[in-house]
Amino acid sequence: MSWYRPSSILDKVFEGGIVLKGISGLAEFLAGLLLLFTDPASIHAFLVAVTQKEITEDPSDRVANFLLHSTAHIDTGAKAYAVAYLWVHAAVKLTAVIGLMRNKMWAYPFSLITLGLLTIYQAVSLVVRFSIGLFLLTLFDVFILWLIQREYAKARHPAADLAPS
């Protein structure tokens, strides 16, 4: 088994970004698992308890109100969709991360295509409704796409990486 071995600063940044994507994928899987076994009313009650202090201090707090509004009317269909979405997203991310970290050539185009499609979706979502968090995530993903493309070129032409610069 051949694992990815960073040799430059950008390689280490690439590895760190890929590890962050893996952690994100694992978190999405665990969130889907938690959602699967948690009653929607319990989720809403938990968020009411967590956001109570913030809402008391600032009744117009956008994040707290968004969370409360989003979970107020979760039905079984929405819950099933959320679980499926989280698990599919997690499976794609974890497949890409494991493939990249194991230096599998198929993982580079797979990652470029899947992360590229997700980034396009995020960009369209930004046009519809701007969010600073989504904007920063999209910038991060564009940077990761660039790093994946860079590593893919190096993996396809390893001799070019050894040439003096």
query: Are any residues in region 17-45 closer than 17 Å to Thr71 by Cβ and aliphatic (A, V, I, L, M), and if so, which ones?
result: Ala31, Leu34, Leu35, Leu36, Ala41, Ile43, Ala45
- request: Kindly list the number of the only condition in (1) modelled with pLDDT under 90; (2) under 19 Å from Ile148 (Cβ atoms); (3) loosely packed, with under 12 Cβ neighbours inside 10 Å that fails for Tyr4.
  value: (3)
query: Which of (1) surrounded by 14 or more Cβ atoms within 10 Å (Cβ to Cβ); (2) modelled with pLDDT of 85 or more; (3) among the charged types (D, E, K, R) is the odd one out, the single condition Lys12 does not satisfy?
result: (1)
message: Just checking, does region 155-163 include any residue being aliphatic (A, V, I, L, M), free of Cβ contacts under 8 Å to residues at least 12 places away in the same chain and outside any helix (DSSP H, G or I)?
response: yes
- request: Residues being under 19 Å from Trp87 (Cβ atoms) and exposed (fewer than 14 other Cβ atoms within 10 Å of the Cβ): count how many of those fall in region 15-30.
  value: 3
- request: Please give the helices (runs of 4 or more DSSP H) falling wholly within region 31-138 in which 3 or more residues are under 18 Å from the mean Cα position of the chain (by Cα), aliphatic (A, V, I, L, M) and surrounded by fewer than 17 Cβ atoms within 10 Å (Cβ to Cβ).
  value: 76-101, 107-128
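The values are calculated or read from the model by the stated rules, or taken from the named source; none is laboratory data. The structure presented is a predicted model; accordingly, all values stated were derived computationally and were not measured. Ideal geometry is used to build each Cβ from the backbone, glycine not excepted, and the neighbour counts take in all protein chains shown.
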